[in-house]
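Every read-out reported here was derived from the displayed coordinates using simple, explicitly stated rules and does not represent laboratory data. Just so you know, these numbers come straight off a predicted model, no measurement behind them. Cβ sites come from the backbone with ideal geometry, for glycine too, and all protein chains shown count toward neighbours.
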Amino acid sequence: MGSAGRTGDRTRDRGGPVVTGRVLVAGLGVSGAAAARVLLARGDDVALTDAREPAVLAELVAAGARWLGPLTAPPADVDLVVTSPGWRPDNPLLVAAAGRGIEVIGEPELAWRLRIAAPGGEPAPWYAVTGTNGKTTTVTMLEQVLLAGGLRAVAAGNVGRPLVEVVTARDADGRPSFDAVAVELSSFQLHWSSSIAPAAACVLNVADDHVDWHGSFPAYRDAKARLLRLAPVAVADAGDPVAASLVAAHPHPVTVTLDEPAPGQLGVRGDDLVDRAFSVDPAGDVLVGTGELQVSGPHNLVNAMAAAALARIAGVDAGGVRRGLAAFAGGAHRNVLVGRVAGVDFVDDSKATNPHAAGASLAAYPRVVWIAGGLLKGADVDPLVAAVAPRLAGVVLLGRDREELARSLARHAPSVPRTVVPSGDDGAMGADATYGDGVMARVVSAAAALASPGDTVLLAPAAASMDVFTDYAHRGRAFADAVRALG
């Protein structure tokens, strides 16, 4: 496999403590339900709690789980709590568990401890990615490249399938179903992880986000850094100062850059992505031409190089990297052109749920009517607005924290016309999933009125969506529907 494969060959997975005894699963979303199913299949004593009875409850109780209803403290007979990533550390149940010395972990940590090995072998290695933005794109790119390299690979974790299902899946012959796992991990998941040791780890970037959950930016940054502690190779974007500082002290750092790569880097030379970290050729290996990629923007070049670095560590050669990256078509609600009306492009980047992501999106277009607003989650929007002000032809604001954006625009872009659309900032959508669609129809109409031929109307809200929409995907679909109606 050459030098790219040898690091991966040396890596030995290190598991955490064995899961035994009585387990309380707190939160029965997708990951919690998956954890409960796997634990029940093992014969563990499983108790369940959540704020309300979920649809999956009957299935889990029929399989042998005990439903305890909402709790503020764990029952006396519990040895371990597996928590949903959405539950904050100050949740009374989790605080009470910690106070009694009961370990609290997340579903990824549980999955790490439950991995199965091939006869005479080891469990499938994890190639893990975290960061404020670009995680899902990078992990799905990585999955594509690993598959192109001939590995039985799957994307899992914060994207794709729950990890606990993937790591316990067996083929008909009893062997693990996968050779490699492309893992996306959020800061919430990493907060509840202690022993995960991926074969390689990547922190793409770290920007102001989820401060409301973690309590401070340093705590958020440190949660991201947990992924690197036990990984033999650490990857980061050299252009992101926080991520680059996290890997600088690592024994084996690898960085990616939009400039000519130095030794130990992947970078851009002319119109090619070049690997000088894992190539035996001092000049590096050409991986793929930028014109071969189906996704655009500098941020996607960074994502592609990060995925390539992890794939090279897994032993994929340059040809496999090229095939995988060239075949990758991108994901929904990530800088997708959804329509062109009267010479104006309408682009859906509803996945830009924080200022860092919105900034990367806005940088791809020279003149923008920006649709922004929602739940800012404690993030500071001033640096973003100051940076993008010269690109703005107009702004349409919606959502609960729209006034914070309006104040920043008044400071940094006072001459840019803006429209505020009342949008149920108190969570008025409620159970009516059509409420957000009506809001978005008014937003798109207002944006079209501000745009001129050649402009781009860009939905890159810099905020979460749950004040008006069910999630960012609902927000993106409503945008596309409104653009089609406008056309």
Calculate how many DSSP beta bridges within the chain are antiparallel, expressed in % of all such bridges and rounded to the nearest 5.
20 percent
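Is the chain best put as rounded, prolate or oblate by its Cα gyration tensor, with a ≥ b ≥ c the root eigenvalues, rounded for a/c under 1.5, and otherwise prolate when a/b is larger than b/c, oblate when not?
Details: a/c = 1.89, a/b = 1.17, b/c = 1.62.
Since a/c reaches 1.5 but b/c is at least a/b, the shape of the chain is classed as oblate.
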Taking the Cα-to-Cβ direction at ASP481 and at GLN294 and moving 7 Å from each Cα, how far apart do the two end points lie in nm?
2.6 nm
Ordered by fewest other Cβ atoms within 10 Å, a rough proxy for footprinting exposure, SER186, SER195, SER31, SER415 read SER415, SER195, SER186, SER31
With +1 assigned to the C-beta of every Lys and Arg and -1 to the C-beta of every Asp and Glu, and no other charges, what is the dipole magnitude of the range 22-111 about the Cα centre in debye, to the nearest 20?
80 debye
Determine, from the Cβ-Cβ distance of SER452 and ARG407 and an R0 of 22 Å, the FRET efficiency 1/(1 + (r/R0)^6), rounded to the nearest 0.05.
0.25
Between SER216 and ALA363, what is the label-to-label distance in nm when each label sits 7 Å out along the Cα-to-Cβ direction?
2.8 nm
List residues of the range 158-197, by number, whose backbone nitrogen lies under 18 Å from a label position 7 Å along Cα→C-beta of THR470.
160
In whole Hz and in residue order, list the ³J(HN,Hα) couplings for the range 389-403 that follow from phi through the Karplus curve 6.51 cos²θ - 1.76 cosθ + 1.60, θ = phi - 60°; x for Gly and Pro.
3, x, 8, 7, 8, x, 9, 10, 10, 9, x, 4, 9, 5, 5
Would you mind classifying the range 140-268 by shape? Square roots of the alpha carbon gyration tensor eigenvalues, ordered a ≥ b ≥ c; an a/c under 1.5 is rounded, otherwise it is prolate if a/b is larger than b/c and oblate if not.
oblate
Whole-Å distance, taken between Cα centres, linking the range 97-122 and the range 156-216
12 Å
Enumerate the amide H contacts of ALA47 below 5 Å, restricted to partners 5 or more residues apart or on another chain; note that Pro and chain-start residues carry no placed amide H.
VAL23, LEU24, VAL25, ARG66
Work out how much length ALA249 to ALA262 would gain on full extension: take 0.36 nm times their residue separation and subtract the Cα-Cα distance, in nm to one decimal.
2.9 nm
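How do PHE479, PHE278, PHE217 line up, fewest other C-beta atoms within 10 Å first?
On the way: PHE479 31, PHE278 27, PHE217 18.
With the fewest neighbours first, PHE479, PHE278, PHE217 line up as PHE217, PHE278, PHE479.
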Using a basic spin-label model with each label point 7 Å from the Cα along Cα→Cβ, how many nm lie between ASP281 and ALA76?
7.0 nm
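So if I place +1 on the C-beta of Lys and Arg and -1 on the C-beta of Asp and Glu, and nothing else carries charge, what would the dipole magnitude of the chain be about its Cα centre? I want it in debye, nearest 20.
On the way: 42 positive and 51 negative charges, 44 e Å.
Its charge dipole is roughly 200 debye.
I need the fraction of alpha carbon pairs in the range 222-266 separated by more than 14 Å, rounded to a whole percent.
Details: 436 of 990 pairs.
Cα-Cα pairs of the range 222-266 separated by over 14 Å account for 44 percent.
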Helix-only [θ]222 nm of the chain, DSSP H runs n ≥ 4, -39500 (n - 2.57) each, per residue, nearest 500:
-10000 deg cm²/dmol
